[in-house]
Amino acid sequence: MKILYIISITFLIVFAVGCDEMQSQVMKPMTMPEEGGPTEDEVVTSVGTMKDPSMTTDDSKEEEPPETETMEEGTSTEPETMEEGTSTEPETMEEGTSTEPETMEEDTSGEPETMEEDTSGETQTTEEDTSGEPETPVATFSSASPASGDISENETITIEFDNDPGEVTVNTGTVSGSGTSRTISGPFTEGSLTLEISWTNGNGSKTLDYTVEEDEPQISDATFSNATPTSGNISENETITIEFDNDPGEITVSEGTVSGSGTSWTISGPFSVGSLTLTISWTNGNGSKTLDYTVEEDEPEIPDATFSSASPASGDDISENETITINFDNDPGEVTVSEGTVSGSGTSWTINGPFSVGSLTLTISWTNGNGSKTLNYNVEADAAFSSASPASGNISENGSITIEFDNDPGEVTVSEGTVSGSGTTWTISGPFTEGSLALTISWTNGNGSKTLNYNVEADASFSSASPASGDISENETITINFDNDPGEVTVSEGTVSGSGTSWTISGPFSAGSLTLTISWTNGNGSKTLNYNVEDSTPPEVSTSSTADGAVDVDPTTVSNSGITITFNETIGSVELKLYKDDVDVGWTATISGKTITITKGSGQELSHDTMYEIKGTVKDSAENENVVSITFTTKSAPVQLQPLARGEGLRIGVTAPTFSVKDSDGNDYSFDGNSGGSSNIVIVFYRYRG
Amino acid sequence: MQENYDDISAAGGSLIAISSDGITGAKGMVDDQSLTFTVLSDTGKTAISAYNVLASGNDNIARPSVFIIKTDGTIGWKSLDSQTSRTTSSDIVSALEGLD
């Protein structure tokens with residue numbers, strides 16, 4: 001209060017001494033702003049004004065319409081300072097040790113300025129300073145940049161006046177500047193903007209229309225983080241990945257093609273082979289980075305390979321040491337197999353055994369195209385040659401050779417002739433070329449081969465026989481001839497011998513009609529000759545039911561069954577009788593083929609202990625006669641014994657009686673008398689009656 | 001007899017015992033004496049009569065007797081016994097060993 005009181009007293013003194021001077025001073029532009037007040041360059045908020053410091057002392061008065069507006073229209077005759085005159089001192093005075101403003105000290109006229117259009121008699125500012133002091137000229141709006149159109153939210157609009165506009169106010173934004181140039185800075189509200197500008201010097205105003213667009217978000221500067229690879233050798237078509245800490249904006253590279261977004265980008269070749277200094281530039285932060293590489297020439301691109309074929313094909317039988325050929329459409333690169341050994345190059349490869357006998361699942365893998373293929377086979381054991389028949393020597397042109405293997409040989413091929421067969425037995429058939437033959441036999445299971453050497457003879461044909469037909473004797477010798485060596489010769493009857501082209505067939509032959517078949521190997525020929533074998537030998541005894549010289553012959557048995565004599569040929573007629581002491585017993589002989597049976601008549605039973613003789617003649621159908629004599633002796637008659645008394649058993653030596661009883665389990669038990677038994681039987685009769 | 005059966009077997013004999021007892025009796029004897037050779041029940045006296053060993057004065061029982069039947073089907077040895085005198089096993093073994 002004391003200070004306020006001092007200020008009030010001081011103001012009253014000043015006002016009383018120089019009211020007119022004071023009044024003229026406050027209308028002058030302030031050339032020396034006082035300490036603590038805003039300078040001309042200082043920003044004043046949009047709702048405020050750019051004021052002369054001497055005019056702002058009472059906030060309550062600021063709410064009233066500014067007098068400058070009425071002054072502009074020339075109806076107000078008093079300067080603002082007068083109306084706000086409750087403040088009797090400029091701010092400088094509040095702080096000042098000097099009680100007068102400097103401007104006031106410079107006023108030497110001692111007279112108040114005259115308001116040009118003041119008709120009220122009150123003190124006014126005038127357009128022309130007649131007091132000799134400089135006047136503030138009326139400012140008019142000259143230009144704006146931008147003057148209209150789209151602006152950003154934080155746009156800075158520069159406006160120009162022809163003179164200093166004094167205090168400039170705007171309805172939005174912030175005014176700054178001095179002299180004839182002011183800037184109006186955002187932020188402005190997005191959308192349509194009508195910017196109203198008012199200024200004090202000349203009390204002017206201006207309206208500008210804009211469209212405020214949303215500002216792009218502020219992008220931070222980007223710095224290079226890393227590259228992969230960061231250096232060293234790269235391929236012609238390498239892709240280099242680069243990273244930034246922020247979005248680099250637009251990126252350009254000295255070589256290659258850049259693409260990407262955000263913080264991660266790639267630079268793709270092709271790059272020139274050799275040393276490469278790769279410069280990367282980007283807009284956000286206006287950065288650049290140089291990377292050094294050595295670009296190596298790319299390997300030629302190899303197309304993927306796909307499996308084409310296999311031979312033998314999947315599903316076939318193969319041998320343990322089979323060679324499987326596989327083909328690809330392109331070079332498969334590295335090839336591996338699940339079993340066997342693979343080798344090859346280009347598109348054709350081979351897989352060699354040994355493979356395990358049995359079912360084989362063979363997996364083939366290759367690198368170009370990362371492919372794989374599974375083939376299934378049945379692996380058969382390798383076959384080895386066992387034998388041949390004939391194994392060597394002569395064979396005929398159209399002969400055949402039988403060969404044997406220890407296992408199924410698979411496919412068999414021969415150098416000459418025709419091979420057929422299955423399993424382990426095969427036949428090689430001619431024709432073969434006459435002469436020396438090296439016959440090579442090859443087979444797949446085990447990939448084996450065998451060479452057999454032969455002399456191939458021309459096929460033989462039957463030429464002649466002597467005799468060729470007709471009657472021959474039982475011991476006839478038949479001569480046969482061939483045009484070539486017949487090889488091995490066989491006949492259906494008789495004995496064949498010979499060599500070369502001439503052979504003989506010797507008897508004995510069976511009497512009667514003879515169909516003689518001759519077969520030979522060279523040419524696999526056969527010939528049939530027909531003869532009538534004349535019978536020239538008498539029938540001979542083959543067997544007799546009562547052998548010649550037999551003794552102990554049971555007369556009862558012989559009497560009951562008769563005597564049977566078998567000859568070696570069919571008997572045509574017989575004159576055989578049974579004699580006892582050269583007396584015909586009366587038995588009769590009958591013929592059946594080769595057999596003569598002599599049987600008794602009534603009352604003609606043989607006696608015991610007697611020698612008999614069968615004698616007489618037999619003839620075959622060819623009247624070849626043989627004299628027969630068979631003697632035998634019957635056994636003695638048995639001694640007649642008195643039967644033993646009851647309970648005395650049987651005599652030693654008699655045939656043991658058979659019987660059938662039950663065993664102790666109730667099963668039937670039969671005793672067969674033990675004739676032909678394997679052991680002696682001890683029969684114990686006992687009394688138990690348990 | 002059972003005690004010497006092995007000796008009889010060793011001498012080449014196969015033992016058969018026959019009585020006129022029924023199956024039950026025969027079975028009882030086999031079980032009682034643990035016999036391992038064949039015991040036959042000849043209630044019909046078929047075998048007893050065939051070998052002429054019906055007991056004198058009793059048509060229901062056999063006279064104690066032994067016959068050895070050779071492998072040719074003939075009787076090679078016999079022993080006719082009484083109630084008080086029986087052929088011993090050693091006799092049978094000796095007979096078996098003495099056969100032709």
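So if we plug the beta-carbon distance of B:Ser90 and A:Ser636 into 1/(1 + (r/R0)^6) with R0 = 51 Å, what FRET efficiency do we get, rounded to 0.05? Calculated value: 0.85. Counted by neighbouring Cβ atoms within 10 Å, the residues A:Ser145, A:Ser319, A:Ser545, A:Ser461 run from fewest to most as A:Ser145, A:Ser461, A:Ser545, A:Ser319. Each of A:Ser602, A:Thr634, A:Phe659 was placed along the dipole of the range A:591-690 (beta-carbon charges, centred on the mean Cα), and the one lying farthest toward the positive end is A:Phe659. 3J(HN,Hα) couplings calculated from phi for the range A:518-530 with the Karplus curve 6.51 cos²θ - 1.76 cosθ + 1.60 (θ = phi - 60°) are, in sequence order, 10, 10, 9, 7, 6, x, 6, x, 8, 8, 10, 10, 10 Hz; Gly and Pro show x. Take each residue of peptide A:461-470, count the partner chain Cβ atoms within 10 Å of its Cβ, and average: the result is 0. Remark on A:Gly333: its backbone amide H falls under 5 Å from those of A:Asn368, a criterion applied only to residues 5 or more positions apart or on other chains, H modelled at 1.01 Å from N.
Label-to-label distance, A:Ser372 versus A:Ser389, with points set 7 angstrom from Cα along the beta-carbon direction: 5.2 nm.
Between their Cα atoms, which of A:Lys580/A:Lys600; A:Lys662/B:Lys70; A:Lys615/A:Lys635; A:Lys594/A:Lys635; A:Lys580/A:Lys619; A:Lys577/A:Lys600 are more than 18 Å away from each other? Present the calculation step by step, with values, prior to reporting the outcome.
Numbers: A:Lys580/A:Lys600 13 Å; A:Lys662/B:Lys70 22 Å; A:Lys615/A:Lys635 21 Å; A:Lys594/A:Lys635 29 Å; A:Lys580/A:Lys619 24 Å; A:Lys577/A:Lys600 11 Å.
In this structure, A:Lys662/B:Lys70; A:Lys615/A:Lys635; A:Lys594/A:Lys635; A:Lys580/A:Lys619 exceed 18 Å between Cα atoms.
For the range B:52-100, a simple Cβ point-charge model (Lys and Arg +1, Asp and Glu -1, everything else neutral) yields a dipole of about 140 debye relative to the Cα centre. Annotation: extensible slack from A:Ser268 through A:Thr504 equals 74.8 nm (criterion: 0.36 nm per residue apart, minus Cα-Cα distance). Taking 0.36 nm per residue of sequence separation and removing the Cα-Cα distance, the A:Thr418/A:Glu190 pair yields an extension gain of 71.7 nm. A simple rule links phi to the HN-Hα coupling: the Karplus curve 6.51 cos²θ - 1.76 cosθ + 1.60 with θ = phi - 60°, which for the range A:339-349 gives 8, x, 10, 9, 8, x, 7, x, 9, 10, 9 Hz, with x for Gly and Pro. Here the range A:640-690 was treated as a single set of alpha-carbon atoms; its pair distances binned every 10 Å from 0 give 17, 44, 33, 6, 0 percent. Remark on A:Val456: its backbone amide H falls under 5 Å from those of A:Ile395, A:Gly435, A:Ser436, A:Leu437, a criterion applied only to residues 5 or more positions apart or on other chains, H modelled at 1.01 Å from N. Taken one residue at a time, the phi angles of the range B:24-31 give Karplus couplings (6.51, -1.76, 1.60, θ = phi - 60°) of 4, x, 4, 5, x, 5, 4, 6 Hz. Gly and Pro are set to x. Put simply, the amide H of A:Ser235, placed in the peptide plane, has neighbours under 5 Å in A:Glu296, leaving out anything fewer than 5 places away on its chain.
Computed from the Cβ-Cβ distance with R0 of 60 Å, the FRET efficiency linking A:Glu605 to A:Thr440 stands at 0.15. Antiparallel beta bridges, as assigned by DSSP with both residues in chain B, represent about 60 percent of the total such bridges. When A:Ile151, A:Ile591 are sorted by how many other C-beta atoms sit within 10 angstrom of their C-beta, beginning with the fewest, the order is A:Ile591, A:Ile151.
In a Debye calculation with equal point scatterers on the alpha-carbon sites of the range A:543-588 and no solvent, what is log10 I(q)/I(0) at q = 0.26, 0.32 Å⁻¹? For the range A:543-588 at q = 0.26, 0.32 Å⁻¹, log10 I(q)/I(0) is -1.25, -1.36.
Let's test the formula: R0 of 56 Å, r as the Cβ-Cβ distance of A:Ser679 and A:Val583. What FRET efficiency results, to the nearest 0.05?
Working: r = 49 Å, r/R0 = 0.87.
My answer for the efficiency is 0.70.
Take the Cα of A:Thr290, step 7 Å toward its Cβ, do the same at B:Ala50, and the gap between the two points is 13.4 nm.
Quick one, can you get me the convex hull of the C-alpha atoms of the range A:135-228 expressed as volume per residue in Å³? Walk me through the numbers on the way to the answer.
On the way: hull volume 10.2 nm³, N = 94.
Once divided by residue count, the hull of the range A:135-228 is 109 Å³.
A cut-off under 12 angstrom between Cβ atoms defines the neighbours of A:Gly262, and their net charge, with Lys, Arg +1 and Asp, Glu -1, is -3.
Read-outs: derived from the displayed coordinates by stated rules, not from any lab. Remember, it's a predicted structure, so these values are computed and weren't measured experimentally. All Cβ positions, glycine included, derive from the backbone under ideal geometry; neighbour counts span all protein chains shown.
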